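Accompanying notes for the structure given below.
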Amino acid sequence: MLMPPRVRRFVLAAHITTTVGWLGAVAAFIALSVIGLTSQDTQTVRAVYLVMEPAAWYVLVPLAFAALLSGLVQSLGTRWGLFRHYWVLFKLLIVVVATSYLLMYTQTFGAMAGLAANPEAELGVVRNTSPFLHAVLALLILLTAVALSVYKPRGLTPYGRRKQAEAQTATRRRRQPSG
């Protein structure tokens, strides 16, 4: 069932907002990672790794789930559908995989925060390239999802082709003059 235009625009705005927010949060994690890797100030380095865990739980995870949920609502309530176009399926797969991986990676944030909180841990042990590499990869993956949304490459799934054929048949039947 298609959403009314006002609802569709609201859901689209929510989806764009949460996706852009997620991208911005990932960019912030890149910046934090660079600070953690390059700063000469011990307290700053420890603070970076201490803040990553709660920031992941209170910013990244909610935005990821909000983007996923709003994307599902958007696809189910518009002509694009969830299973009609390959680009929608690929985007769904990207977001589900990215969100799942993020949830697993929050354990790593916890371990890094525990290490950073230990005043006896040497700074070289506290520093970690993993958040930087993962954040850059996440940014590239999310930008791929954005590109799919903007360019909407052609390609109907078998389900989409069947639905399109059914709609064309129904349209032809409506246009034929009755007997």
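Side notes on the structure shown:
- Output for segment 31-49, where each listed residue is assigned to a helix (DSSP H, G or I), of a type outside the set (D, E, K, R) and open to solvent by 30 Å² or more (accessible area, probe 1.4 Å): Ala31, Leu32, Val34, Ile35, Leu37, Thr38, Thr42, Gln43, Thr44, Ala47
- Restricting attention to segment 100-112, the residues being open to solvent by 60 Å² or more (accessible area, probe 1.4 Å) and under 21 Å from Ser39 (Cα atoms) number 1.
- Output for segment 1-30, where each listed residue is open to solvent by 60 Å² or more (accessible area, probe 1.4 Å), assigned to a helix (DSSP H, G or I) and either in contact (Cβ under 8 Å) with a residue 12 or more places away in the chain or farther than 18 Å from Ala67 by Cα (or both): Pro5, Arg6, Val7, Arg8, Leu12
- Across segment 50-63, the qualifying residues are those that are open to solvent by less than 40 Å² (accessible area, probe 1.4 Å) and out of contact with any Phe, Trp or Tyr (no Cβ under 6 Å at 6 or more places or on another chain), and the one among them that is farthest from Gly124 (Cα to Cα) is Val61.
- Meets criteria (buried (at least 17 other Cβ atoms within 10 Å of the Cβ) and in a helix (DSSP H, G or I)) for Val96: no
A quick yes/no check of all residues on (1) farther than 17 Å from Ile16 by Cα; (2) assigned to a helix (DSSP H, G or I); (3) open to solvent by 60 Å² or more (accessible area, probe 1.4 Å); (4) in contact (Cβ under 8 Å) with a residue 60 or more places away in the chain:
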| position | (1), (2), (3), (4) |
| --- | --- |
| Leu68 | no, yes, no, no |
| Val73 | no, yes, yes, yes |
| Lys91 | no, yes, no, no |
| Gly114 | yes, yes, no, no |
| Pro119 | yes, no, yes, no |
| Gly124 | yes, yes, yes, no |
| Ala135 | yes, yes, no, yes |
| Leu148 | no, yes, no, yes |
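The values are calculated or read from the model by the stated rules, or taken from the named source; none is laboratory data. Predicted, not measured: the structure shown is a model, and the values here were computed from it. Virtual Cβ from ideal backbone geometry, glycine too; neighbours counted across all protein chains shown. Heavy atoms of the whole protein, side chains included, go into the accessibility calculation; ligands, DNA and RNA do not. Shrake-Rupley method; radii C 1.70, N 1.55, O 1.52, S 1.80 Å.
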